[in-house]
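All of the numbers you see were taken from the coordinates with simple rules; none came from a lab. None of the values given here were measured: they were computed from a predicted structure. Because the Cβ atoms are built from the backbone with ideal geometry, glycine has one as well, and the counts that use them run over all protein chains shown.
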Amino acid sequence: MAKEKKAGNAAEKRIEGKGSSGSNGEVHAGNGDELHQVSGGSHAMLTTNQGIPISDNQNSLRANTRGPTLLEDFVLREKITHFDHERIPERIVHARGTAVHGYFELTDSLAQYTTAKLLTEVGEKTPVFTRFSTVAGGAGSVDTPRDVRGFAVKFYTKEGNWDLVGNNIPVFFIQDAIKFPDLVHAVKMEPDRGFPQSATAHDTFWDFISLMPESMHMVMWIMSDRTIPRSLRMIEGFGVHSFRLINDAGESTFVKFHWRPKLGLQSTIWDEAVKIAGADPDFHRRDLFEAIEKGNFPEWEFAVQLFTQEQSEKFPFDHLDATKLIPEELVPLKVIGRMVLDRWPDNFFAETEQAAYCPANIVPGIDFSNDPLLQGRLFSYLDTQLLRLGSPNFNQIPVNAPKCPFANLQRDGKMQMMQPKGRVNYEPNSLSQDAPRETPAIGFRSAGVTENGEKGRIRAESFADHYSQARQFYRSQTSHEQAHIASALVFELSKVAHAHVREAMVAHLRHIEEDLAQRVADGLALDTLPNAPAAAAPVQDMAPSPALQIIGKMKNTLEGRAIGILIADGSDGAVIAKLQKAATDAGAKVKIVAPKVGGAKLADGSMLEADGQLAGTPSVMFDAIAVILSAEGATLLAGESAAIEFVQNAFGHLKAIAFDEGGQVLLQKTNIEKDRGVVDAGDPAGFIAAARTRQWEREPSVRMLA
Ligand code: HDD
């Protein structure tokens, strides 16, 4: 082939003599620019999908140097066609998510209650693939909107796959699956305008909710800081519904499943979450990735609440109603194992995007309850997977395939990857010795439950109490958390243009707590409190449950947290090093932030490289900050709004701040009032102690909460 025929898209002169045939390991030039591909090594040969070696991956086939492209260019057509088909439908809900491989290890046997091997073989490590997600936003939305987090775990057990498809909130919006499409339509982008993306703060959501008293308990949870987590490593997970365990005598026990993060719970401040969305839309995904890369494997305890039918009949609520939880004080949690996530997927699409979770995937020894929300889910997920993945053979995709042997007589269909042998594809048969057969002794069996009563579209009387647990949740919170709930309601309802919807919501709040209704009404400038709607059942005063707090479950630790140190030319290296050591010893990740990413020249003349450039690394990325500056550095940064905001936002987000003499100059410029959380950098221990928590008592001085 003549050289000019291989010319690229830049100045042809430069290209001549540069294009190569691109054989194995060679630099494959041809676009006229200097390429920095690695030479040498043992690169695989680039081929088409038919295995035909490709000689030139830079230029399509043309009739002449500057002529039209030829239809016969199968290399071009195959590549573009494949590209055009690269996307599959995103999940209708939970579209944005990130997943990690790991294992579940059983520490306590539940042999008394179940035959499921993964819950009875102590020490056994079961591989898992766990996907965290937001609910409302599209796949390309941000990580930190106010939203429920999905917590879906696929256990590849010896007896088949078990999917525990839960959330970071133990209750749900609705009691019956038939309402799910309405709920999702209401929360997603409004259909005429196509916004807002990934937000509940709009008319259609609150209109729907204000007409659904059963959602009030969930509303308390979503307005709490549970929906603005600091890290996916710091969220709880819940199976939500009651399930059943079945033992070898065929007896069944009800069970609720819980995940409890080793790092404890922590959330962001709402203003912080909003700013993180701009600074790093992938904040949670990156945090998880970086932790795993560093070997700080996130870990959760796995716990169960076990109870009998007789016990459940005495509960002051119906446990089959997914808008109710079982307080830990009523049925304590029993920790039976742990989950460790230790391996990032090799390929996001192949694994995370194609992962197909389904609550109906269950193993012998576990069974469903009659929760009508769960019953509807058992249908929905398989149907969704068929649409998304396009074929009933999606279970053959490696991330979805069981890791135990599996065999049946299902055959054919699009994208069949298996090549079954022989004549027999039916059962029973007498022609094959090896065709798969049923195994009555160990095969899956449903609990032998007697069902009777009248068929009909009826909601049980026992599902009628919509406010008692909402009240219990609100009353169980610390005063800081209550203020956040009230303020979140004010924020969300302030985005609702229809006054009657705002009023209807305040009216519901009166059943939950009069004081909450008043605070929200004040925040919305409502003159009078609207009348509460008729409640379908009397509202009960349940004992507060401190386990429902976040602040009460935050760990006094820097493990998993990050500290940002702002420096500039002339900063004192010794002070920085001391802080760095103290923070690292306490388990924190430390990042240096400087006006230039190359770093800063310290007072002793040495260069300290930066991990982030100031404009792109605001303090919302950190749990605490230090400002270590020379006098000149401080004067320079006093004229830089990113530096002022670095300090101001850290203060506003209730974070600890360490400063030295130069840092103090910048602090003065921001007009912040020093408090216990603003610590001299000469006292690293004091700084670390302050950095372990948020400065809650500072909050009234920095924002007007409802
Ligand atoms: Fe759902 C996805 C959690 C009720 C229908 N759901 C989905 C995911 C999670 C949940 C975590 C994402 C799984 C993943 O990472 O791929 N969903 C819940 C919880 C619910 C719940 C905790 C209530 C307790 N869901 C629910 C109902 C329906 C659905 C009542 C329909 C009747 N959910 C779906 C779905 C999704 C889904 C449409 C979308 C993508 C997918 O399944 O794979 O089938």
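What to note about this one:
- Mean Cβ count within 10 Å, highest first, over the residues of peptides 104-117, 56-69, 426-439: 104-117, 56-69, 426-439
- For the pair segment 253-316 / segment 626-686, the C-alpha centres are spaced 32 Å from each other.
- Cut-off 19 Å (backbone N to label point 7 Å along Cα→Cβ of residue 464), residues of segment 304-334: 313-324
- Peptides ranked, highest mean first, by Cβ atoms within 10 Å: ranges 632-638, 653-659: 653-659, 632-638
- Orientation-averaged projected area, Cα convex hull of the chain (nm²): 39.9 nm²
- Student exercise, the chain dipole from Lys, Arg, Asp, Glu Cβ charges, in Debye to nearest 20: 1300 debye
- Arranged from fewest to most other beta-carbon atoms within 10 Å of their beta carbon, 176, 143, 342, 163 become 342, 176, 163, 143.
- With R₀ set to 25 Å, the beta-carbon distance separating residue 641 from residue 294 gives a calculated FRET efficiency near 0.20.
- Note on residue 424 and residue 386: the model spin-label points, each 7 Å out from Cα along the C-beta direction, lie 2.9 nm apart.
- Over all pairs of different C-alpha atoms, segment 558-702 has a mean inverse distance whose reciprocal, the Kirkwood radius, equals 14.5 Å.
- Legend: residue pairs 553/601; 601/674; 179/403; 79/414; 125/455; 334/403, Cα-Cα distance threshold 32 Å; pairs beyond threshold, 553/601; 179/403; 125/455.
- Here the label points at residue 553 and residue 61, each 7 Å from Cα along the C-beta direction, are separated by 6.2 nm in the simple model.
- When only the Cβ of Lys, Arg, Asp and Glu is charged (+1, +1, -1, -1), the dipole of segment 558-702 relative to its Cα centre reaches about 320 debye.
- FRET efficiency for residue 450 and residue 271, using Cβ-Cβ distance with R0 set to 41 Å, rounded to 0.05: 0.15
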